[in-house]
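What follows is a single structure, written as structure tokens, with notes after it.
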Amino acid sequence: MNKINTIDVRGLKHEEKEKKIFPAVNGLKEGGALRLIFEFNPLPLVYMLKARNEFDISFEKEGPAEWIIQVKRTAPAVNQKAEFKQLLKELKDGQVSAETKEKAKKFLQGIDARTLGAVEQELIREGVSHDEIRSSLCDIHLEAMRDALVNKKIEVPAPHPVHTLMEEHKVILQNLKELGEFLKKLPQIKSFKELGEEQTEKLKDIAHHLVEAENHHQREEEALFPKLKAHDVVEPPQIMELDHVEFRKRKKELYQIAHNHQKYDFAEFKNKVTELGGFIAKELESHIFKEDNILYQIALQILTEEEWKEVKRQCDKIGYCCFTPADQPKGDKNMNGKIQTLDLRPMPPFERHEKIFEIWDTLKPGETLEIINDHDPRPLHYQFEAEQKGKYEWEYELKGPKDWSVKIKRI
């Protein structure tokens with residue numbers, strides 16, 4: 001009977017684990033076996049190895065403090081990565097033949113939600129950039145996987161963090177749809193006068209809502225992704241974070257152009273909006289699809305109930321944007337039920353004061369109304385001093401030059 005080598009990777013960093021595990025696994029001869037010991041469920045590694053159709057994986061121990069798997073090679077190595085790299089080369093070379101496209105679709109159909117992240121990890125480890133994978137395979141990949149992934153998707157009820165993130169995605173996708181409709185009309189328009197005030201304000205509103213959704217990304221980066229990385233699911237969250245950097249930069253630039261369009265001649269304005277808006281509309285939609293159907297699905301299979309509770313606590317602490325979870329007090333934005341945020345910028349001036357006092361009248365002592373405005377709300381301060389003296393505290397959070405934020409606490 002062949003001796004089974006044991007490798008204990010408990011306590012090692014992600015890179016150190018990989019340096020021990022992969023050379024040993026790849027070096028197994030047919031019929032050879034290896035025992036691996038972890039301090040957490042190594043499900044991502046199991047999926048990665050099973051996807052290669054070369055190994056039989058069995059659990060010898062399943063937690064809670066120690067996890068042991070046995071990896072046995074059942075078939076000669078199949079050079080799946082080489083096939084994938086060849087597909088990338090063909091797809092990058094220019095015209096994509098029907099044969100290459102069909103070959104790519106067939107290959108990708110064999111990668112489900114649980115193994116996709118693992119395939120990308122292997123490629124990235126070997127020097128294939130995320131941009132190459134995304135730009136070359138995005139459209140074909142989505143076409144090949146969309147129906148299968150949606151059919152396999154795990155659903156979770158409110159107020160689970162994934163439910164909230166996916167509901168926010170629905171709102172963001174609606175903004176992207178409106179952005180796409182705006183961009184379709186733009187090529188035929190020749191001047192700001194022809195564009196008109198209504199469409200100019202529409203672009204401002206779209207850009208504002210895209211920027212306002214920033215804490216959606218923040219909750220992923222600070223609450224969800226660290227939990228995935230703690231389970232050695234490292235590269236997929238990193239890919240999403242790289243996307244966030246690009247979206248953040250372009251959304252802010254689109255916001256600045258939309259709100260300062262008078263500083264540009266129309267041709268420059270149109271070119272910049274077309275470039276920025278086109279990138280955001282296409283890439284953010286693809287990003288959302290991957291998160292809903294791949295990254296979140298991996299998380300739902302790996303994270304424990306206690307870890308999800310911690311994710312939820314962190315999400316509540318950071319706050320919400322365009323969708324409020326079922327267990328949170330309603331408001332444009334809430335932090336532990338103590339702060340309500342009211343963005344006045346999209347509202348007609350004649351509606352603003354009425355809305356402010358409508359919310360103010362509902363606040364209990366200790367609760368705060370935060371207002372965001374496009375000018376210094378000094379007249380409002382005078383009104384509070386005249387009508388609410390001794391009943392409020394006034395604190396500026398942001399003082400221009402473009403946007404102003406004030407917290408008004410009921411005492």
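The values are calculated or read from the model by the stated rules, or taken from the named source; none is laboratory data. Fair warning: this is a prediction, and the values are worked out from it, not measured in the lab. Here Cβ is always computed from backbone atoms with ideal geometry, including for glycine, and neighbour counts include all displayed protein chains. SASA here: full protein model, heavy atoms, side chains in, ligands and nucleic acids out. Shrake-Rupley method; radii C 1.70, N 1.55, O 1.52, S 1.80 Å.
Some points to look at:
- Of all residues in region 297-307 being in a helix (DSSP H, G or I) and touching a Leu at 6+ places or on another chain (Cβ under 9 Å), the one that is farthest from Met166 (Cα to Cα): Ile302
- Test: Ile294 is within 16 Å of Thr164 (Cβ to Cβ), open to solvent by less than 50 Å² (accessible area, probe 1.4 Å) and β-branched (Val, Ile, Thr): no
- The number of residues in region 371-397 that are within 13 Å of Leu344 (Cβ to Cβ) and open to solvent by 30 Å² or more (accessible area, probe 1.4 Å) comes to 5.
- Residues that are at pLDDT 85 or above, of a type in the set (Gly, Ala, Ser) and not in a strand (DSSP E or B) are absent from region 335-346 altogether.
- Contacts under 9 angstrom Cβ, first residue in region 389-402 being in a strand (DSSP E or B), partner surrounded by 11 or more Cβ atoms within 10 Å (Cβ to Cβ) and of a type in the set (Phe, Trp, Tyr), 6 or more apart: Tyr392/Trp360; Tyr392/Phe384; Trp394/Phe384; Tyr396/Trp404; Glu397/Trp404; Leu398/Trp404
Residues checked against (1) surrounded by fewer than 17 Cβ atoms within 10 Å (Cβ to Cβ); (2) modelled with pLDDT of 85 or more; (3) among the hydroxyl-bearing types (Ser, Thr, Tyr):
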site: Gly27; (1), (2), (3): yes, yes, no
site: Phe55; (1), (2), (3): no, yes, no
site: Gln70; (1), (2), (3): yes, yes, no
site: Gln80; (1), (2), (3): no, no, no
site: Leu87; (1), (2), (3): no, no, no
site: Glu102; (1), (2), (3): yes, no, no
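- Filter pass, Glu275 being under 26 Å from His208 (Cβ atoms), open to solvent by 30 Å² or more (accessible area, probe 1.4 Å) and free of Cβ contacts under 8 Å to residues at least 12 places away in the same chain: yes
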